[in-house]
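The values are calculated or read from the model by the stated rules, or taken from the named source; none is laboratory data. Since we're looking at a predicted model, the values are computed, not measured. So basically every Cβ, Gly included, is an ideal-geometry build from the backbone, and we count neighbours across all protein chains shown.
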Ligand code: NAD
């Protein structure tokens, strides 16, 4: 198969990593990059042996697909141009700032018949991949995503910049409709909320309590999932998951890392076991981009669709709306 001709738009912090990954992928030819900061794109192009284009139009006429890693506030205008030129795109999260923009992009992509993947990278975190063989059916989720202050990303509220990762994951894990959202947040340093907490309720009874901050002293990216007969703890930063499960004492094929205790339920003997699922050596960004390239080359549905990005944004916008309402009380 011919290598896919790929470009990267916006080569700041994350876009330069996209360029780095594409440059080493066999299935891809990194044709070029484009950034409004030409000096930066010349530097990055030199580093990864590619061409710094001085206009978006020129780059788009030379590629089959692109990654967009420009600031979120520019996603809509850049993505619209990419889709109208009929090029496949992986767009960094969040898909856009407003729901209207996101809906337009999803519709436009469908109309043009191009692949649209949204960069919700935590779906590709080795700690999540390690849980694929488990039957996750969460009834309560607690998540914390805390970061130190960094002016990058403050063009949007912390809900759109950080919490959106957890929102997307939670929506992918809980196969049920959102029925109620309560939220609170505070703008401490920037003009938009820097710290936020949301309680998301689902039709099946599941509740997710989600906290995100970009003004923390210490970093943390953790999610705890509670369900019937199991507690799962995920550390995204460490790329590590732990599972505590209740299984029948006579269960075959259960080789626990540790036996933690026994519980008798009627005449049924049950044991509590601790497992550390095997973690594969995966670079989440490289895996995410590989899946995008495969979707384009083999005409498959991308693993995180435009519709997924839209759903996550819809919940994020409802959370922001609730935070605004709180301010008025
Ligand atoms: P950044 O500021 O480091 O880089 C953005 C780059 O885009 C800059 O070099 C800037 O010159 C360029 N740019 C701005 N407007 C442009 C335009 N119209 N056309 C071309 N280039 C343009 O920002 P960043 O931290 O790399 O974030 C970029 C995007 O990636 C954001 O949407 C952010 O939410 C997302 N992001 C995702 C993750 C993740 O974990 N998936 C992590 C960080 C950032």
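When the stretch 111-128 is examined, which residues are found to be in contact (Cβ under 8 Å) with a residue 40 or more places away in the chain and more than 18 Å from residue 230 (Cβ to Cβ)?
Step one: of the stretch 111-128, the residues in contact (Cβ under 8 Å) with a residue 40 or more places away in the chain are 115-128.
Listed by number, the residues that qualify are 115, 116, 117, 118, 119, 120, 121, 122, 123, 124, 125, 126.
For the stretch 160-178, how many residues are away from the ligand (no atom under 12 Å from the Cβ) and either more than 10 Å from the chain's Cα centre (by Cα) or part of a strand (DSSP E or B) (or both)?
Adding up the residues that qualify gives 9.
Mind checking whether some residue in the stretch 99-108 is in contact with a helix residue (DSSP H, G or I) (Cβ under 6 Å, 6 or more places away or on another chain) and part of a loop (DSSP other than H, G, I, E, B)?
We begin by selecting, within the stretch 99-108, every residue in contact with a helix residue (DSSP H, G or I) (Cβ under 6 Å, 6 or more places away or on another chain); these are 99, 101-102, 105-106, 108.
Then keep just the ones that are part of a loop (DSSP other than H, G, I, E, B); that gives none.
No, the stretch 99-108 contains no residue that is in contact with a helix residue (DSSP H, G or I) (Cβ under 6 Å, 6 or more places away or on another chain) and part of a loop (DSSP other than H, G, I, E, B).
Please report, ordered by residue number, the helices (runs of 4 or more DSSP H) entirely within the stretch 1-73 with at least 3 residues that are over 16 Å from residue 289 (Cα atoms), more than 12 Å from the ligand (Cβ to nearest atom) and modelled with pLDDT of 95 or more.
Values: elements: 13-23, 38-48, 56-60.
Filter on the stretch 1-73 gives 38-48.
Considering only residues that are in a loop (DSSP other than H, G, I, E, B) and at pLDDT 95 or above, look in the stretch 113-132 and name the one that is surrounded by the fewest Cβ atoms within 10 Å (Cβ to Cβ). Spell out how you get there, then give the answer.
The first filter runs over the stretch 113-132 and keeps only residues in a loop (DSSP other than H, G, I, E, B), leaving 113-115, 120, 125, 130-132.
When the remaining residues are screened for being at pLDDT 95 or above, the result is 113-115, 120, 125, 130-131.
Numbers: 113: 9, 114: 20, 115: 21, 120: 25, 125: 25, 130: 20, 131: 17.
Selected residue: 113.
Give the residues of the stretch 48-57 that are touching a residue at least 24 places away in the same chain (Cβ under 8 Å), surrounded by 13 or more Cβ atoms within 10 Å (Cβ to Cβ) and within 19 Å of residue 28 (Cα to Cα), sorted by residue number.
48, 50, 53
Yes or no: residue 137 assigned by TED's automatic domain parsing to the domain that holds residue 171, out of contact with any strand residue (DSSP E or B) (no Cβ under 6 Å at 6 or more places or on another chain) and not in a helix (DSSP H, G or I)? Let's see the steps before the verdict.
Values: assigned by TED's automatic domain parsing to the domain that holds residue 171: yes; out of contact with any strand residue (DSSP E or B) (no Cβ under 6 Å at 6 or more places or on another chain): no; not in a helix (DSSP H, G or I): yes.
Against the criterion (assigned by TED's automatic domain parsing to the domain that holds residue 171, out of contact with any strand residue (DSSP E or B) (no Cβ under 6 Å at 6 or more places or on another chain) and not in a helix (DSSP H, G or I)), residue 137 does not qualify.
Checking residue 135 against (1) modelled with pLDDT of 95 or more; (2) more than 16 Å from the ligand (Cβ to nearest atom); (3) surrounded by fewer than 21 Cβ atoms within 10 Å (Cβ to Cβ), which test does it fail?
Only one criterion is unmet by residue 135, namely (1).
Just give me the residues in the stretch 74-98 being buried (at least 16 other Cβ atoms within 10 Å of the Cβ) and either assigned to a loop (DSSP other than H, G, I, E, B) or not assigned by TED's automatic domain parsing to the domain that holds residue 15 (or both), in sequence order.
85, 87, 93, 94, 95, 96, 97
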